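In what follows, a structure is listed as structure tokens, so that the remarks can point back to it.
The values are calculated or read from the model by the stated rules, or taken from the named source; none is laboratory data. Just so we're clear, the structure is a prediction, and the values are computed from it rather than from any experiment. Because the Cβ atoms are built from the backbone with ideal geometry, glycine has one as well, and the counts that use them run over all protein chains shown.
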């Protein structure tokens, strides 16, 4: 398996890149796509906004039954794959500040596994389509998973791992 080339080969002063492993350790099923008004990484907001524009999450029909009951949650955690992000930086420069920091100390999209997470407000569900506010990704981004956002409920009562 060949390593994907970084989406952007430029490195800011002080940043450090490492060689990527020869192969991956696990497989991921993309379960749908996220549609937003943003066509490029640069156009995406740095943080999602629960009052932002309506965006659409299209879930592959094979996973339709997995959406049963999702309407009960006003907020949903969305996990997605940032396909254009570099994966090789271990030290990054905070944009605009020049401050150096380790990748795992940042919420940057540049990471070994470009998985992002946003909490979105669920506005509407129609079969396998969710209308939401709050994602911060490019149009067409691959969807990895959806989870109800229970906030303090998970902390106060423990999370619901009945399936384990």
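For region 67-85, name all the residues that are out of contact with any strand residue (DSSP E or B) (no Cβ under 8 Å at 6 or more places or on another chain) and closer than 13 Å to residue 130 by Cα. Within region 67-85, 68, 69 qualify. As a summary of the residue check, residue 48 satisfies the conditions (1) over 20 Å from residue 124 (Cβ atoms); (2) modelled with pLDDT under 95 except for the one numbered (1).
Scanning region 73-91 for residues that are touching a residue at least 40 places away in the same chain (Cβ under 8 Å), surrounded by 13 or more Cβ atoms within 10 Å (Cβ to Cβ), in contact with a helix residue (DSSP H, G or I) (Cβ under 7 Å, 6 or more places away or on another chain) and more than 21 Å from residue 150 (Cα to Cα) turns up at least one hit.
Matching residues to (1) surrounded by 14 or more Cβ atoms within 10 Å (Cβ to Cβ); (2) touching a strand residue (DSSP E or B) at 6+ places or on another chain (Cβ under 6 Å); (3) over 20 Å from residue 141 (Cα atoms):
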position	(1), (2), (3)
14	no, yes, yes
23	no, no, yes
29	no, no, no
34	yes, yes, no
37	no, no, no
42	no, no, no
47	no, no, no
53	no, no, no
56	yes, yes, no
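As a summary of the residue check, residue 144 satisfies the conditions (1) over 17 Å from residue 72 (Cβ atoms); (2) at pLDDT below 90 except for the one numbered (2). Selection of region 107-116 for residues being more than 14 Å from residue 41 (Cα to Cα) and surrounded by 15 or more Cβ atoms within 10 Å (Cβ to Cβ) yields 111, 112, 115. When restricted to residues that are free of Cβ contacts under 8 Å to residues at least 12 places away in the same chain and over 19 Å from residue 33 (Cβ atoms), region 99-134 contains 5.
Note on region 100-111: among residues that are touching a strand residue (DSSP E or B) at 6+ places or on another chain (Cβ under 7 Å) and assigned to a loop (DSSP other than H, G, I, E, B), the one that is nearest to residue 15 (Cα to Cα) is 110.
Filtered by the rule that a residue be on the phi > 0 side of the Ramachandran plot and either surrounded by 15 or more Cβ atoms within 10 Å (Cβ to Cβ) or not in a loop (DSSP other than H, G, I, E, B) (or both), region 126-143 gives a lone residue, 134.
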